[in-house]
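Where a number appears in this text, it was derived from the coordinates with a stated rule and is not lab data. All figures in this text were calculated on a predicted structure; none of them were measured in a lab. Ideal geometry is used to build each Cβ from the backbone, glycine not excepted, and the neighbour counts take in all protein chains shown.
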Amino acid sequence: MAFRTGCIAVNLKKILTWAGVAFLLFFLFSAPQQAGNLVNNILASLEGAAQAVILFMQNIFV
């Protein structure tokens, strides 16, 4: 999605992507312990969701 403001074309998606990357890098370097804990929590949630799907599929086909 590009917006034209006068003579300058602004690519909003590119700006937001780079801002997100910059924020993630800042968070990683300024608070590595919390960043590691966040990654572990996300992975644990994904593991729990995968186990729930597997259990659901097993109950359907057994």
- Ascending count of other beta-carbon atoms within 10 Å, so fewest first, for ILE54, ILE60: ILE60, ILE54
- Task: Taking the Cβ of each residue in PHE23, PHE61 as the centre, tally the other Cβ atoms inside 10 Å and list the residues starting with the fewest.
- Result: PHE61, PHE23
- Task: Evaluate the distance, in nm, between pseudo-label points positioned 7 Å from the Cα of ILE15 and of VAL39 along their respective Cα→Cβ axes.
- Result: 3.1
